[in-house]
């Protein structure tokens, strides 16, 4: 089932880029990011209340709170930079560079989470990096 959600995530991410590129025309990128964030917050809390999972708030550990907050800050920084880059550049060049996050995530997962980094992972990272270069040059 996870693969279906992963594919849907990719489809929605692609739509996000195209819709954002159209939507930020003549709009400050920081303001556009704030508008998007309000919509995302409303959707996320809507799902929490729809699925009655708000009861789990008190069960969240201090460590989880810390890392979820740090993740939120990283997301905010990513979105602010992404919207600014999208406003200034072509979506067909900004998006592939943004997707280098896959390579960076694999490296960080190896270093900090001690996940396996296989020959297959290395080849994939090299191919993603090379593919990104081909697309943006």
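Brief remarks follow.
- The listed residue being exposed (fewer than 10 other Cβ atoms within 10 Å of the Cβ) and closer than 17 Å to residue 95 by Cα, out of 22, 3, 18: 22
- Condition check for residue 104: out of contact with any helix residue (DSSP H, G or I) (no Cβ under 7 Å at 6 or more places or on another chain), without any contact (Cβ under 8 Å) to a residue 60 or more places away in the chain and closer than 17 Å to residue 136 by Cβ: yes
- Note on the range 42-137: enclosed helices (runs of 4 or more DSSP H) holding 2 or more residues that are at pLDDT 95 or above and under 30 Å from residue 27 (Cα atoms) are 62-88.
- Here residue 121 meets the list (1) surrounded by 15 or more Cβ atoms within 10 Å (Cβ to Cβ); (2) under 22 Å from residue 15 (Cα atoms); (3) more than 19 Å from the chain's Cα centre (by Cα) almost entirely, failing just condition (2).
- Residue in the range 60-68 that is without any contact (Cβ under 8 Å) to a residue 40 or more places away in the chain and more than 26 Å from residue 113 (Cβ to Cβ) present: no
- Residues that are within 19 Å of residue 74 (Cβ to Cβ), without any contact (Cβ under 8 Å) to a residue 24 or more places away in the chain and within 15 Å of the chain's Cα centre (by Cα) within the range 1-40 comprise 9, 13, 16, 40, listed in sequence order.
The values are calculated or read from the model by the stated rules, or taken from the named source; none is laboratory data. As the structure is a computational prediction, the values presented were derived from the model and not from experiment. FYI the Cβ positions are ideal-geometry reconstructions off the backbone, even for glycines, and counts take in every protein chain you see.
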